[in-house]
C-alpha cells in the first residue's frame, strides 16, 4: 500500500470516524478489529461511543499495514503484534510515531492569576452590557 496516510493531529481522543479517515479503514472494519486484536481497546463513553487515543491510532495503522500491506492473515497479524515484530517492518509506521508530538501540558496558573483574568473578563462583560443598554 503505497498510499500516504494523513498526519495524526495532536489530540487526546479521536472518534471512530476520524480514525477511519486517518487510517484509510472503514468504521465497521475498526469495530471488527477491536474484537480480533486485544491491544485495540478504545475508551467507550456516552451511548457506547468509541474514543481512540494516539497510541491506538498507531496500532490501527500497524494492523492495516500487516493485513493490507504485507498480506498477513488476522491470525498472523495478531501473532506479529504479540511477538513485537510488527512495527520494525515498516519505516513509515516508525515515522508516524514521531510525526506528532503530544501538546505540552499547560503551565498551571496561580490563584492570583486566575482571579486577575476573571476580573478582566468581568470588566469586559460590564462594559459590553453598559454599551448595549444605552
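Here are some notes:
- Evaluation of residue 72 against the conditions (1) surrounded by 11 or more Cβ atoms within 10 Å (Cβ to Cβ); (2) modelled with pLDDT of 80 or more; (3) part of a helix (DSSP H, G or I) shows that the sole unmet condition is (3).
- Scanning region 27-64 for residues that are exposed (fewer than 12 other Cβ atoms within 10 Å of the Cβ) and closer than 17 Å to residue 82 by Cα yields 35, 38, 55.
- Count of residues meeting criterion [assigned to a helix (DSSP H, G or I) and at pLDDT 75 or above] in region 104-134: 17
- Within region 35-54, considering residues that are without any contact (Cβ under 8 Å) to a residue 40 or more places away in the chain and touching a strand residue (DSSP E or B) at 6+ places or on another chain (Cβ under 8 Å), the one farthest from residue 78 (Cα to Cα): 45
- Residue tally, condition without any contact (Cβ under 8 Å) to a residue 12 or more places away in the chain and assigned to a helix (DSSP H, G or I), over region 1-17: 1
The values are calculated or read from the model by the stated rules, or taken from the named source; none is laboratory data. This structure is a prediction, so every number in the text was calculated from the model and none was measured. With ideal geometry, Cβ positions are generated from the backbone for all residues, glycine too; neighbour counts draw on all protein chains shown.
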